[in-house]
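These notes concern the structure reproduced below.
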Amino acid sequence: MDAWWQWEGEDLLLRLRIQPRAGRDAFAEPYADAFKIRITAPPVDGRANKHLQRFLAKAFDVTLKDVQIEAGEASRGKRVRIQAPKRIPPELQAVANQS
């Protein structure tokens, strides 16, 4: 994966950097070789991961089970698979088009 995003068949793989305990949930900006996402949940007892999955499911218009954290469950850096996203959030589309 050269960029922070990559298609693998119909699935979208994302390399993310998570900022927990943010003021609001939001796609932020590219961060090194990842994309930074701010979420309001604290990184305690898996709450941030579950919150991230709900945020991404809504943003990509997929079900919760279609969002899988493949790597980085216990860290801020994560690799996430979105199975067959029905839409790409405009915040990500604009940045991906610049890559």
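The values are calculated or read from the model by the stated rules, or taken from the named source; none is laboratory data. The shown structure was predicted, so the numbers you read here are calculated from the model rather than taken from an experiment. Ideal geometry is used to build each Cβ from the backbone, glycine not excepted, and the neighbour counts take in all protein chains shown.
Here are a few things to note about the model shown:
- For the range 70-82, the set of residues classified as surrounded by 15 or more Cβ atoms within 10 Å (Cβ to Cβ), closer than 23 Å to Gly23 by Cα and either β-branched (Val, Ile, Thr) or touching a helix residue (DSSP H, G or I) at 6+ places or on another chain (Cβ under 7 Å) (or both) consists of Val80 only.
- Applying the condition of being part of a loop (DSSP other than H, G, I, E, B) and among the small types (Gly, Ala, Ser) to the range 26-47 and asking which residue is farthest from Ile88 (Cα to Cα) yields Gly46.
- Residues of the range 55-95 that are at pLDDT 95 or above, among the hydrophobic types (A, V, I, L, M, F, W, C) and farther than 17 Å from Arg15 by Cβ: Ala57, Val62, Leu64, Ala84.
- Of all residues assigned to the range 16-25, none qualifies as being of a type in the set (A, V, I, L, M, F, W, C), modelled with pLDDT of 95 or more, within 20 Å of Glu91 (Cα to Cα) and touching an Asp or Glu at 6+ places or on another chain (Cβ under 8 Å).
- Close pairs from the range 62-80: first in contact (Cβ under 8 Å) with a residue 12 or more places away in the chain and over 15 Å from Arg47 (Cβ atoms), partner of a type in the set (Gly, Ala, Ser) and in a loop (DSSP other than H, G, I, E, B), Cβ under 9 Å, at least 6 apart: Val62/Ala84; Asp66/Ala84; Arg79/Gly72; Val80/Gly72
- Among (1) in a helix (DSSP H, G or I); (2) modelled with pLDDT under 95; (3) not small (Gly, Ala, Ser), the one test that Leu52 misses: (2)
- For beta carbons closer than 9 Å, sequence separation of 6+ or different chains, a first residue in the range 1-23 that is of a type in the set (Val, Ile, Thr) and a second that is crowded, with 19+ Cβ neighbours inside 10 Å and in a loop (DSSP other than H, G, I, E, B), the qualifying pairs are Ile18/Ile39.
- Subset of the range 39-91 [farther than 18 Å from Gln6 by Cα and in contact with a Phe, Trp or Tyr (Cβ under 8 Å, 6 or more places away or on another chain)]: Ile39
- The one condition in (1) under 20 Å from Thr63 (Cβ atoms); (2) touching a helix residue (DSSP H, G or I) at 6+ places or on another chain (Cβ under 6 Å) that Pro20 fails to fulfil: (1)
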